[in-house]
1. Quick one: which helices (runs of 4 or more DSSP H) sit completely within the stretch 1-95 and have at least 3 residues that are more than 29 Å from Asn153 (Cα to Cα)?
2. Which members of the stretch 279-292 meet the condition of being under 16 Å from Ala359 (Cα atoms) and either assigned to a loop (DSSP other than H, G, I, E, B) or out of contact with any strand residue (DSSP E or B) (no Cβ under 7 Å at 6 or more places or on another chain) (or both)?
3. Go through (1) within 16 Å of ligand 2 (Cβ to nearest atom); (2) part of a strand (DSSP E or B) and name the single condition Leu111 misses.
4. Can you find a residue that is in a strand (DSSP E or B), basic (Lys, Arg) and within 14 Å of ligand 2 (Cβ to nearest atom) anywhere in the stretch 183-196?
5. What tally of residues in the stretch 220-247 results from selecting those that are outside any loop (DSSP other than H, G, I, E, B), among the β-branched types (Val, Ile, Thr) and more than 10 Å from ligand 2 (Cβ to nearest atom)?
6. If a residue must be open to solvent by 10 Å² or more (accessible area, probe 1.4 Å), in a helix (DSSP H, G or I) and more than 12 Å from ligand 1 (Cβ to nearest atom), how many such residues does the stretch 255-264 contain?
Amino acid sequence: MAVIPVELAGRGYQVRVGAGLLADLPAQCGALLRKRAVPIVTDANVAAHWRETVDAALNGAGFAPRWLVLEPGESAKSWGTLERLMDWLLAEEVERGDHVLALGGGVIGDLTGFAAAILKRGCGFVQLPTTLLAQVDSSVGGKTAINTAAGKNLVGAFHQPSLVLADLGTLDTLPAREMGAGYAEVIKYGILGDPAFFAWCEANGPAVLAGDRAAQEYAVTESVRAKARVVAEDERETTGMRALLNLGHTFGHALEAHTGFSDRLLHGEAVALGMVLAARYSARRGYISAADAGRIAASIASAGLSSEVSALGLNCDGATLVAHMLHDKKMDAGTLPFVLLHGIGTAFLDKAVSLEDVAAFLEIELRAH
Ligand code: NAD
Ligand code: GLY
C-alpha cells in the first residue's frame with residue numbers, strides 16, 4: 001500500500017492506494033468510525049459488486065452498515081437527490097463529528113462530499129473511490145458539487161475528506177470504457193507537469209488498462225502525488241496553480257456540452273480530446289512543436305481513446321463550440337483562461353487567447369484528419 005499525504009494546515013489527510021483496502025475498512029478508518037451505525041452512500045452498480053465486501057468488513061468488526069443506494073449516473077448530482085440524501089443523513093442522526101462513507105465514482109464522491117459540507121454546517125466524510133477517474137482525481141482535493149439547469153458543478157463547496165482509500169481491486173469490475181476515460185486524467189498529470197511520468201505512460205498505458213496491478217498502483221500513486229502537490233499549494237484555485245489541472249477541460253467542456261453531457265462522450269473521453277486540442281492549439285501558437293503535439297495525440301490514441309474530434313461527427317462549426325465555452329465556470333471576469341503547453345510537462349495559463357482564433361482552429365480540427 002502507498003500512502004500519500006495531502007498537506008493542508010489543519011485539514012491534512014492521507015490517500016492510501018492498494019488492493020484490498022475495502023476488506024480492511026474498519027482498521028483503515030480507525031477512530032473515524034465512532035459509532036456502531038456507519039452511513040454509506042453508493043450507487044446500484046457499485047453496490048452490486050462491492051456491498052458484500054464492505055458489509056462483511058464492517059459487520060465482522062461489530063459495526064452496523066447503513067446504506068443509501070442511488071441510481072447510477074450523472075443525474076444523481078441534482079437538487080432532488082441531494083435533498084433525498086440530506087433527509088436520509090438527518091434521519092440516520094448523523095452528527096458533525098461523524099463520517100459518511102462515499103463508495104463510488106466521482107458522482108457519488110461529489111454528491112456525498114457536498115452533502116457532508118452542508119449537513120449541520122459540515123460533518124466528516126471518507127472517500128472510497130471505485131473508478132480510476134475518482135481514484136486519481138475527484139476523490140482528492142475537496143471539490144464537491146451538484147449540477148443545476150444552468151450547468152455542471154455550479155453549486156458546490158470546497159470540503160476536504162478526512163481520508164481517501166483507493167482500493168485498486170475495485171478497478172477489476174469497472175467497465176473498460178470507464179477505465180479508458182479515467183486513464184485520460186492519468187496521462188494529464190504527465191502532460192501538464194511531469195515529462196518522465198508522461199514517458200512512463202507512453203510505455204505502460206496498455207498494462208494499466210489491461211489490469212496489471214503494479215502498473216495500476218504506480219499510475220494511481222503518481223497521479224495522486226501530483227494532485228496532492230497542487231492542492232497543497234493552491235487549495236481554492238486562487239493562484240493559477242490548481243487551474244493547470246484543467247488542461248484539456250475547456251476544449252473538452254465544449255465537446256461535452258455539445259453532446260449533451262451524455263454517454264456519447266464521457267468526461268474523461270472529452271478531456272482526452274481536449275488535451276489533444278490544447279496541444280495542437282499550443283503548436284498553432286508556436287509554443288510547442290508539432291512533433292510534441294503529435295506525441296500527445298499518439299499517447300491518447302494508444303490508450304484506445306479517440307484523439308480526433310473530426311471522428312465524432314459533431315456537425316457543428318468552431319464558433320458553436322466556442323459559444324459552449326463561454327458558459328464554462330472557468331470564465332473569469334469576462335475572459336476565458338486556457339491551459340496551454342510550452343512543452344510536454346510545462347503547462348501554463350494563457351489569459352489572452354483570442355476566441356476568434358480558437359474558433360478558426362476548431363473549424364480546421366472539426367474537418368481535418
Ligand atoms: P461515475 O461516478 O458516474 O462512475 C462511472 C460509472 O461506473 C457509473 O455507472 C458507476 O455506477 C460505475 N462504477 C463505479 N465504480 C465501479 C466499479 N468499481 N465497478 C463497476 N462499475 C462501477 O463517473 P466518474 O467518471 O467516476 O466521475 C465523474 C464525475 O466526477 C463527474 O460528475 C465529474 O464532474 C466529477 N469530477 C469531479 C472532480 C472533482 O475534483 N471533484 C474531478 C473530476 C471529475
Ligand atoms: N479536477 C480539477 C481539480 O480538482 O481542481
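1. The qualifying helices (runs of 4 or more DSSP H) are 25-29, 44-60.
2. Within the stretch 279-292, Arg280, Ala283, Arg284, Arg285 qualify.
3. The single condition Leu111 does not satisfy is (2).
4. no
5. Result for the stretch 220-247: 3.
6. Qualifying residue count for the region: 2.
To keep it simple, each residue is scored yes or no on (1) farther than 19 Å from Asp137 by Cα; (2) under 25 Å from the mean Cα position of the chain (by Cα); (3) open to solvent by 40 Å² or more (accessible area, probe 1.4 Å).
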{"site": "Glu7", "(1), (2), (3)": "no, yes, yes"}
{"site": "Gly12", "(1), (2), (3)": "no, yes, yes"}
{"site": "Ala31", "(1), (2), (3)": "yes, no, yes"}
{"site": "Thr53", "(1), (2), (3)": "yes, yes, yes"}
{"site": "Ala61", "(1), (2), (3)": "yes, no, yes"}
{"site": "Ala64", "(1), (2), (3)": "yes, no, no"}
{"site": "Val69", "(1), (2), (3)": "yes, yes, yes"}
{"site": "Leu82", "(1), (2), (3)": "yes, yes, no"}
{"site": "Glu92", "(1), (2), (3)": "yes, no, yes"}
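Matching residues to (1) charged (D, E, K, R); (2) more than 13 Å from ligand 1 (Cβ to nearest atom):
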| residue | (1), (2) |
| --- | --- |
| Ala215 | no, yes |
| Thr221 | no, yes |
| Val224 | no, no |
| Arg242 | yes, no |
| His253 | no, no |
| Leu266 | no, no |
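The values are calculated or read from the model by the stated rules, or taken from the named source; none is laboratory data. All figures in this text were calculated on a predicted structure; none of them were measured in a lab. We place every Cβ from the backbone using ideal geometry, glycine too, and count neighbours over all the protein chains shown. Each accessible area value is taken on the protein alone, full model and side chains, heavy atoms only, with ligands, DNA and RNA left out. Shrake-Rupley method; radii C 1.70, N 1.55, O 1.52, S 1.80 Å.
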